[in-house]
Amino acid sequence: MIEVPFVLAKLITLALSLAVAYLAYHGYRRHGREPMLYVAAGFVFIGAGAICEGLIYTMFGTSILSAGLIQAAIVSSGMVLVLVSLTK
């Protein structure tokens, strides 16, 4: 059974990461700075990674190890995009 506090924490993480992504995209549109676009995309990946583990585990019936590996890959991709934005 899925615990309500766990789901709530994941949804808060998703909402916060999407808020940061929106603000970064707004900054990109306003100033035209390409690194802000990478930040926005990175936080979308991080937010998606926050909720995908539970969804993959329950919807597709995979093992928790497989779902966790996919989640880690998605979050890591987002972190790479944020890192790229800091080096540009």
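Only the coordinates and a few stated rules stand behind these numbers; no lab work does. This structure is a prediction, so every number in the text was calculated from the model and none was measured. Please note: Cβ atoms are built from the backbone with ideal geometry, for glycine as well, and neighbour counts cover all protein chains shown.
Per-structure values
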{"item": "Hits in the range 1-36 - residues which are farther than 26 Å from Met59 by Cβ and hydroxyl-bearing (Ser, Thr, Tyr)", "result": "Tyr22, Tyr25, Tyr28"}
{"item": "Scan of the range 30-88 for residues that are over 14 Å from the mean Cα position of the chain (by Cα) and among the acidic types (Asp, Glu), ordered by number", "result": "Glu34"}
